[in-house]
Every structure is written in C-alpha cells, then in structure tokens.
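Asker: Structure incoming, see below.
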Amino acid sequence: MEQYPLLFSFSDKVAGKGYLAAFTAHGAALAGKEEEGWWVYGVKPGGLAESGTTLPEAYVEFRKSLLKVLFDLAAEAPDFYAFRRAATEFFNEVNEPTRAEWEAARALVRQGKLGLEGIRREPAESPRRIEIKELQTIALTPEDNRLEDEELGVAA
Amino acid sequence: MSSFGTAPLKEVWEMLNACAPGWTKTETDHHYCVKWKGRTYPSLSKGKHGKRAGAGEVQVGQIRQLARQFGIVECAKKHLNVLQ
C-alpha cells in the first residue's frame, strides 16, 4: 500500500451551549492508497480515519468526521471552557503507530522518492495544534465571515 | 484484508472485551465514543445498517485505527479475522 504523510489546516465554527467557538486546526494524517480507494488516518488527532474513492474525497470525509467529533464535544460541554478543554485533549491525542508510518513516509518524501502531484510540500516542523476562541455575538464583525480556509500539503 | 472490508459492530465489541477489558462506549449524536485506559477513539461509525445498537457494519480501516489508538493491534488481529 502506498502511504503519504499529510499536513492539513482548516478553520470552521462550532455552536455550543450559549457560545459560538471558532477554531483553526493544524493537524497531521497518513493517506493510504489501496485498490478500492483511499484512506486518511489521523496522526494528530489520532482518533479518526475515513475513506473515499479519491484522496480529496477521503480528506473531505476525514474533515467532516473531525468536525462531527467537535460537534459531539460541544453538545456535551456545559460551557465554552469545557468545550475548549475537551477539544484540545481530543486533538492532542497522537496515534503512535500511525505516526511511525507517517514518519517513514515523510523520510521518503525528503529523499525525493515520494510525492503527490498537485499538492505542495510543507515543512513537517510546523507545529500541529488546534486554536479555539470564543466568538460572542456582540464581538462579531464582517471580518469574521470567511469562506472555508483550508490547506493540504505533503510533509517534507 | 482490504481496509474497505467490513465487520459487524457486535464483533468489534467482542474484540474489545477480549483485548481492552474495562473499555467503555457512549453513543453521541454522530458516533460511538470508545474509551480505554485514558485513550479515546471518539469517531467510531455507528454503521450503515439499521439504528439498532450494534446492528451496523464498520469498515476495517476504522477498526484498525481504533486498535492502533489503543495499542491492541496484535490482540485485535487474533479476534477479528478481517484485520489479518
């Protein structure tokens, strides 16, 4: 199975109990190509995996699944701070076996033996994290309106 | 075995009983959230078939990632043929 180390970033919003949270996720994932299609396995966060017939389709499903986990956490959390704590814990849980395969694939990218056409290379040293802030209704401005902001790169 | 194969949720629960004693699950709006020894897998699919708990089928890729997250890959392989 061909495997590719991915770095991804995207922003979105989550409505909770009495608050609206905006987040930007900078994560890592391992893409695997099989005969039937593609899988995207989470490295950080490590608690999810999704599939699709193409890599973009699998990544979209992966991103949806991540967002649904955040929706579930928001539904359980009594306030913004509890949500932020739970979401950060979820995001920071690394899947170690998948990370080991991600590192091996990254080494191949660095050696020039592996790449994904159409996807740029990004330094793997860039920190993987989730940033979450509370948006209060009175603080909303037109600058908060944004189209989906996402990036996908091959770790090098 | 392809990661696109499936296994019944019931067999996943049985595997966890054998490989992750004391594991717990909660059903959320979108997924099953499975926990064991401080580790969490919050995104297990509820399955494609039916709403009855445990009636669905889960893709092998998700089960494999769950087993990796909990560090029980070798045990899981012994209890679920689809992982071999």
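Asker: Taking the stretch A:105-114 on its own, how many of its residues are in contact (Cβ under 8 Å) with a residue 60 or more places away in the chain and farther than 9 Å from A:A156 by Cβ? Break it down into steps so the answer makes sense when it comes.
Answerer: Step one: list which residues in the stretch A:105-114 are in contact (Cβ under 8 Å) with a residue 60 or more places away in the chain, which gives A:105-106, A:109, A:114.
Still in the list and also farther than 9 Å from A:A156 by Cβ: A:105, A:114.
Counting residues in the stretch A:105-114 that are in contact (Cβ under 8 Å) with a residue 60 or more places away in the chain and farther than 9 Å from A:A156 by Cβ gives 2.
Asker: I'd like the full set of residues that are facing chain B (nearest Cβ under 10 Å) and either crowded, with 18+ Cβ neighbours inside 10 Å or in contact (Cβ under 8 Å) with a residue 12 or more places away in the chain (or both), limited to the stretch A:54-68.
Answerer: Our first condition is that a residue be facing chain B (nearest Cβ under 10 Å); within the stretch A:54-68, this holds for A:58, A:62, A:64-68.
Those that are facing chain B (nearest Cβ under 10 Å) and either crowded, with 18+ Cβ neighbours inside 10 Å or in contact (Cβ under 8 Å) with a residue 12 or more places away in the chain (or both): A:A58, A:F62, A:K64, A:S65, A:L66, A:L67.
Asker: May I pose another question? Would you point out which residue out of A:F71, A:F90 is touching a helix residue (DSSP H, G or I) at 6+ places or on another chain (Cβ under 9 Å) and either more than 10 Å from chain B (Cβ to nearest Cβ) or touching a residue at least 12 places away in the same chain (Cβ under 8 Å) (or both)? It would help to see each step written out before you state the result.
Answerer: On the way: A:F71 fails: touching a helix residue (DSSP H, G or I) at 6+ places or on another chain (Cβ under 9 Å).
Testing whether each residue is touching a helix residue (DSSP H, G or I) at 6+ places or on another chain (Cβ under 9 Å) and either more than 10 Å from chain B (Cβ to nearest Cβ) or touching a residue at least 12 places away in the same chain (Cβ under 8 Å) (or both) leaves just A:F90.
Asker: Filter the stretch A:120-134 down to the residues that are modelled with pLDDT of 80 or more and crowded, with 17+ Cβ neighbours inside 10 Å and list them by number.
Answerer: Once the filter is applied, which keeps residues that are modelled with pLDDT of 80 or more and crowded, with 17+ Cβ neighbours inside 10 Å, the stretch A:120-134 yields A:E122, A:R128, A:I130, A:I132.
Asker: Could you grab me the full set of residues in the stretch B:6-48 that are loosely packed, with under 15 Cβ neighbours inside 10 Å, assigned to a loop (DSSP other than H, G, I, E, B) and within 13 Å of chain A (Cβ to nearest Cβ)?
Answerer: Selection gives B:D29, B:K37, B:G38, B:K48.
Asker: Quick test of your reading of the structure: A:P78 fulfils all but one of (1) away from every other protein chain (no Cβ under 14 Å); (2) assigned to a helix (DSSP H, G or I). Name the failing condition by number.
Answerer: Among (1) away from every other protein chain (no Cβ under 14 Å); (2) assigned to a helix (DSSP H, G or I), the lone unmet condition for A:P78 is (2).
Asker: Looking at (1) under 19 Å from B:R39 (Cα atoms); (2) in a helix (DSSP H, G or I); (3) facing chain B (nearest Cβ under 9 Å), which one does A:G47 not meet, given that it meets all the others?
Answerer: The one condition A:G47 does not meet is (2).
Asker: Could you list, in sequence order, the residues of the stretch B:56-65 that are in contact (Cβ under 8 Å) with a residue 40 or more places away in the chain and either out of contact with any strand residue (DSSP E or B) (no Cβ under 9 Å at 6 or more places or on another chain) or at the interface with another protein chain (Cβ under 10 Å from one of its Cβ atoms) (or both)? Walk me through how you get there before you give the answer.
Answerer: Start the filter on the stretch B:56-65 by keeping residues that are in contact (Cβ under 8 Å) with a residue 40 or more places away in the chain, which leaves B:56-61, B:63-64.
Selection gives B:Q59, B:V60, B:G61, B:I63, B:R64.
Asker: Here is a list: B:W13, B:W36. Which entry is at pLDDT 95 or above, closer than 28 Å to A:M1 by Cα, touching a Gly at 6+ places or on another chain (Cβ under 8 Å) and among the hydrophobic types (A, V, I, L, M, F, W, C)?
Answerer: Working: B:W36 fails: closer than 28 Å to A:M1 by Cα.
Only one candidate passes the filter, namely B:W13.
Asker: Looking at the stretch A:58-67, is at least one residue at pLDDT 95 or above, part of a strand (DSSP E or B) and among the basic types (K, R)?
Answerer: No: the stretch A:58-67 contains no residue that is at pLDDT 95 or above, part of a strand (DSSP E or B) and among the basic types (K, R).
Asker: Can you spot a residue in the stretch A:36-43 that is in contact with a Ser or Thr (Cβ under 7 Å, 6 or more places away or on another chain), at positive phi and part of a strand (DSSP E or B)?
Answerer: Yes, the stretch A:36-43 contains a residue that is in contact with a Ser or Thr (Cβ under 7 Å, 6 or more places away or on another chain), at positive phi and part of a strand (DSSP E or B).
Asker: Can you name every residue in the stretch A:91-119 that is more than 30 Å from B:P42 (Cα to Cα), in a loop (DSSP other than H, G, I, E, B) and not small (G, A, S)?
Answerer: Scanning the stretch A:91-119 gives A:Q111, A:K113, A:L114, A:E117.
The values are calculated or read from the model by the stated rules, or taken from the named source; none is laboratory data. From a predicted model like this one, the values you see are computed outputs, not experimental measurements. Cβ atoms come from the backbone with ideal geometry, glycine included; neighbour counts cover every protein chain shown.
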